[in-house]
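**Student:** Take this structure first; my questions come after.
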Amino acid sequence: MPNLTVGQYDLSYNAMSFTIAVMGAAFVFFLLARGTVAYKYQRVLEVGALITGVACYHYVRIFAAWTAAYSRSTSGGYTGTNELFNEGYRYADWLLTVPLLLVELIAILYITNQERGSLLNKLVIAAALMIVLGYPGEVSSDTTTRLIWGTLSTIPFVYILAVLWREVGATMARETPEVRARLSAVRLLLLASWGVYPIAYLLPLLGLDEATGLVGRQVGYSIADVIAKPLYGLMIYGIIRIKSQEEKENAPAGAYDTSEGIHAGAQS
Ligand SMILES: *C/C=C(C)/C=C/C=C(C)/C=C/C1=C(C)CCCC1(C)C
């Protein structure tokens, strides 16, 4: 482990500690919010709680591994102990939470249950490939190895984002203007937050010294996780709340069929 200054050690320590707090709070929030949406959307919030609960647990482990890997040195900074810090807990976390994030989004798309099932199968396989292929590069100190596995991992990554972009776009075309705008925001947030992971992964290849690369990666992954799990979950919560409301208003004896969508043009 590279030597760290107090500032570097603390930055990573604080990012991890903050992430534990956010994940724990989001877990409780999503469970408590279940009663505020229509019954058929409650499952979506339960998935959001599952994601943040699993991530909270893993961050506790990551945090403990970080504090075990370093001790205060007599010269004022931090030096590595015999405990090695690696990204194992993080990758285990992604393996569980990324498929659940896909479930959470696909649950609010306008597709048949059969289509939902086959879409989910394809995306979950791609997600597992993305994470498993990234891991050997993540734990290697050799930059060529990192680059090769990182490149392989990027293939399923691009596939997932392209498919989701298209599927969310298809649903947007059938939604009310308000839901459409929010779906568009979720889609951008997904792209922006997932895009941070390969950038953080690449930090050691950008000519940074080892300590900066290590700390930059911890902070980058932590920020991306906060955006990609609790914040993304909150945005989806906003959408299912509106949809619950819309469906309630439109309920009386099929007076209005929401599946037709309220297009801006049709309203004038
Ligand atoms: C909550 C956790 C999430 C959303 C994790 C997402 C992880 C990725 C999008 C990781 C992608 C990677 C690449 C595209 C290439 C380099 C290796 C990875 C695994 C960091």
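**Student:** Would you check if there is a residue in the range 8-30 being over 13 Å from residue 218 (Cβ atoms), in contact with a Lys or Arg (Cβ under 7 Å, 6 or more places away or on another chain) and surrounded by fewer than 19 Cβ atoms within 10 Å (Cβ to Cβ)?
**Tutor:** No, the conditions are met nowhere in the range 8-30.
**Student:** Could you check residue 26 against (1) assigned to a loop (DSSP other than H, G, I, E, B); (2) touching a Gly at 6+ places or on another chain (Cβ under 7 Å) and say which number it fails?
**Tutor:** Tallying (1) assigned to a loop (DSSP other than H, G, I, E, B); (2) touching a Gly at 6+ places or on another chain (Cβ under 7 Å), residue 26 fails exactly one: (1).
**Student:** Of the residues in the range 134-154, how many are surrounded by fewer than 20 Cβ atoms within 10 Å (Cβ to Cβ), near the ligand (Cβ under 9 Å from one of its atoms) and without any contact (Cβ under 8 Å) to a residue 24 or more places away in the chain?
**Tutor:** Qualifying residue count for the region: 2.
**Student:** Next question, about the same structure. If residue 201 satisfies all but one of (1) in contact (Cβ under 8 Å) with a residue 24 or more places away in the chain; (2) of a type in the set (Ser, Thr, Tyr); (3) surrounded by fewer than 18 Cβ atoms within 10 Å (Cβ to Cβ), what's the number of the condition it fails?
**Tutor:** The single condition residue 201 does not satisfy is (3).
**Student:** A further question follows. Specify the residue that is nearest to the chain's Cα centre (by Cα); the eligible residues are those in the range 82-95 that are of a type in the set (Asp, Glu) and within 16 Å of the ligand (Cβ to nearest atom).
**Tutor:** 93
**Student:** Go through the range 189-223 and give me each residue that's among the β-branched types (Val, Ile, Thr) and either modelled with pLDDT under 95 or farther than 22 Å from residue 234 by Cβ (or both).
**Tutor:** 199, 212, 215
**Student:** From 158, 163, which residue is surrounded by 14 or more Cβ atoms within 10 Å (Cβ to Cβ) and in a helix (DSSP H, G or I)?
**Tutor:** Sole residue among the options that is surrounded by 14 or more Cβ atoms within 10 Å (Cβ to Cβ) and in a helix (DSSP H, G or I): 163.
**Student:** Right, next: Taking the range 170-202 as the region of interest, how many residues are within 20 Å of residue 228 (Cβ to Cβ), small (Gly, Ala, Ser) and away from the ligand (no atom under 16 Å from the Cβ)?
**Tutor:** Residues in the range 170-202 being within 20 Å of residue 228 (Cβ to Cβ), small (Gly, Ala, Ser) and away from the ligand (no atom under 16 Å from the Cβ): 2 in total.
**Student:** Another question, then. Specify the residue that is surrounded by the fewest Cβ atoms within 10 Å (Cβ to Cβ); the eligible residues are those in the range 204-219 that are away from the ligand (no atom under 16 Å from the Cβ) and either in a helix (DSSP H, G or I) or among the aromatic types (Phe, Trp, Tyr) (or both).
**Tutor:** 210
Every residue, every condition in (1) part of a helix (DSSP H, G or I); (2) surrounded by fewer than 16 Cβ atoms within 10 Å (Cβ to Cβ); (3) touching a Phe, Trp or Tyr at 6+ places or on another chain (Cβ under 7 Å); (4) not acidic (Asp, Glu), yes or no:
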{"site": "54", "(1), (2), (3), (4)": "yes, no, no, yes"}
{"site": "57", "(1), (2), (3), (4)": "yes, no, no, yes"}
{"site": "75", "(1), (2), (3), (4)": "no, yes, no, yes"}
{"site": "82", "(1), (2), (3), (4)": "no, yes, no, yes"}
{"site": "90", "(1), (2), (3), (4)": "yes, no, yes, yes"}
{"site": "99", "(1), (2), (3), (4)": "yes, no, no, yes"}
{"site": "105", "(1), (2), (3), (4)": "yes, no, no, yes"}
{"site": "115", "(1), (2), (3), (4)": "yes, yes, no, no"}
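To keep it simple, each residue is scored yes or no on (1) modelled with pLDDT of 95 or more; (2) more than 20 Å from the chain's Cα centre (by Cα).
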{"site": "48", "(1), (2)": "yes, no"}
{"site": "61", "(1), (2)": "yes, no"}
{"site": "73", "(1), (2)": "no, yes"}
{"site": "80", "(1), (2)": "yes, yes"}
{"site": "97", "(1), (2)": "yes, no"}
{"site": "100", "(1), (2)": "yes, no"}
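**Student:** Hey, another quick one. Could you list, in sequence order, all residues of the range 172-198 that are among the polar types (S, T, N, Q) and within 30 Å of residue 217 (Cα to Cα)?
**Tutor:** 184, 193
**Student:** Hey, can you tell me all the residues within the range 27-65 that are farther than 23 Å from residue 9 by Cβ and among the charged types (D, E, K, R)?
**Tutor:** Answer for the range 27-65, where residues must be farther than 23 Å from residue 9 by Cβ and among the charged types (D, E, K, R): 34, 40, 43, 46.
The values are calculated or read from the model by the stated rules, or taken from the named source; none is laboratory data. Computed from a prediction, not measured in an experiment: that's the story for all the values here. Heads up, the Cβs are rebuilt from the backbone with ideal geometry, glycines too, and the neighbour counts pull from every protein chain shown.
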